[in-house]
1. Using the eigenvalues of the Cα gyration tensor, what equivalent ellipsoid semi-axes result for the stretch 2-179 when each is taken as the square root of five times the eigenvalue, whole Å, largest first?
2. For residue 77 and residue 128 in one chain, what is 0.36 nm times their gap in residues minus the Cα-Cα distance, to one decimal in nm?
3. Give me a comma-separated list of calculated 3J(HN,Hα) values for the stretch 140-157, in order, Karplus coefficients 6.51, -1.76, 1.60 applied at θ = phi - 60°, integers in Hz, x for any Gly or Pro.
4. Could you order 232, 313 by accessible surface area, starting with the largest, using a probe radius of 1.4 Å?
5. Want the number for residue 214 to residue 191: 0.36 nm per residue separation, take away the alpha-carbon distance, what's left?
6. Add -39500 (n - 2.57) for each DSSP H run of 4 or more in the chain, then divide by its residues: what number comes out at 222 nm, to the nearest 500 deg cm²/dmol?
7. So for the chain, averaging the separation of alpha carbon pairs under 8 Å that are six or more residues apart and normalising by length, what relative contact order in percent results?
8. Between residue 118 and residues 5 or more places away or on another chain, which pairs have amide H atoms under 5 Å apart, with H built 1.01 Å from N, and which residues are they?
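The values are calculated or read from the model by the stated rules, or taken from the named source; none is laboratory data. Computed from a predicted structure; not experimentally measured. Counting neighbours? That spans all protein chains shown, and the Cβs are built from the backbone with ideal geometry, glycine included. We work out accessible area using only protein heavy atoms, side chains counted, and drop any ligands, DNA or RNA first. Shrake-Rupley method; radii C 1.70, N 1.55, O 1.52, S 1.80 Å.
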Amino acid sequence: MRVVVAMSGGVDSSAAAALLKEQGHEVIGITLRVWSYEGKAKCGSCCSPDDIDDARAVAQALGIPYYVANAEEIFQDRVVNPFVQSYLGGKTPIPCVACNRDVKFNFLLKRARALGAQLATGHYARVEQTDGRYVLRRGVDAAKDQSYFLFTLGQDELRDIHFPVGHMTKAEVRAVAERHNLPTSHKPESMEICFVPDGDYAGFVEKVAGPQPSGEIVDSDGQVLGVHQGIHRYTVGQRKGLNLGGGQVRYVQRLEPETHRVVVGSAEDTGRDRFGLLQPHWVDSPPSPETPVEVRIRHRHAGASGRVEISPHGLVSVKLDAPARAVTPGQAAVVYAQDRVLGGGWIV
Ligand SMILES: Nc1ncnc2c1ncn2[C@@H]1O[C@H](COP(=O)(O)OP(=O)(O)OP(=O)(O)O)[C@@H](O)[C@H]1O
């Protein structure tokens with residue numbers, strides 16, 4: 001087959017390209033330039049000039065054609081702007097989901113299809129075909145599994161998508177890169193959100209949207225306990241950085257963008273066993289209300305058992321068997337049946 005490999009300049013997508021080449025496929029490497037790093041600190045993140053050089057060097061080593069596509073506008077529009085707006089609206093965004101949905105598996109998939117090609121990435125997840133339907137599964141390496149970020153994929157996308165490293169461990173992936181002498185084989189992992197390489201999300205929001213209004217920190221009775229410098233600096237479940245002095249340990253319970261208030265409470269107060277799912281999406285069909293499912297409410301969440309409920313009006317909510325701590329608006333809730341991703345939505 002002809003296959004476009006989305007090459008980030010990291011070891012996973014380098015190994016994905018090497019595996020496909022090894023299997024005899026016609027492989028084309030493409031890096032998306034999503035963010036302009038001019039004048040910004042060198043960061044070794046997803047698409048810095050260094051990463052483009054690395055991806056190009058890997059393509060050269062493998063003897064495959066290589067291109068850089070400009071996706072800055074769509075990335076700004078679909079990933080960066082909603083990220084900032086989400087923080088200003090009192091939520092805690094997870095931009096990698098939107099990047100996968102709108103940039104990699106829309107913008108890039110369309111381009112791959114226009115070339116008569118399939119699309120492969122270095123994500124740790126698996127696609128399988130059963131009875132003519134596509135099934136999305138967790139990556140085999142539990143520590144690296146990225147299926148949480150892929151719940152927006154549907155049947156139409158999955159028929160042309162490959163995750164060549166999804167059935168491997170990270171160590172095996174590095175071994176593939178080493179075997180091919182790829183210059184990225186010992187490259188360290190990038191952990192942060194790629195356009196905020198220093199991890200200072202609040203600083204990034206202020207850089208884009210300007211200084212934000214300060215406000216009160218209150219308890220659930222409305223009693224003022226302190227002041228803060230902008231709700232975008234807080235996330236539900238947060239304990240550190242409240243500066244409320246000694247006494248009872250308090251956690252952010254919710255953020256009120258209308259009043260600019262941060263509401264705090266005890267650990268138990270942050271627990272919720274029911275929440276709505278905005279823009280729900282199912283990889284195939286939604287689970288029935290009787291089906292026990294596992295729900296991950298953030299990327300590193302181990303998962304909690306529960307059910308998905310769909311109202312007669314089509315509103316989707318999750319009912320957990322027990323309250324989960326820090327159910328955070330803006331994060332994705334991803335629904336699994338064992339290792340199979342059923343779908344998910346945005347926590348409200
Ligand atoms: N700028 C980019 N251009 C093209 N593809 C990209 C880009 N950034 C990420 N990808 C693709 O998305 C996959 C997952 O991206 P993520 O940022 O999570 O990388 P990763 O797990 O660190 O993988 P890698 O080691 O390949 O960077 C990558 O393996 C790659 O296929």
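1. Here the semi-axes work out to 24, 21, 16 Å.
2. Extra length available between residue 77 and residue 128 comes to 15.2 nm.
3. 5, 7, 4, 6, 10, 3, 10, 4, 3, 7, 10, 5, 7, 6, x, 4, 5, 6
4. Putting 232, 313 in descending order of accessible area: 313, 232.
5. 5.3 nm
6. It lands at -5500 deg cm²/dmol.
7. Relative contact order for the chain comes out at 16 percent.
8. Sorted by chain and number, the residues that satisfy this are 2, 3, 4.
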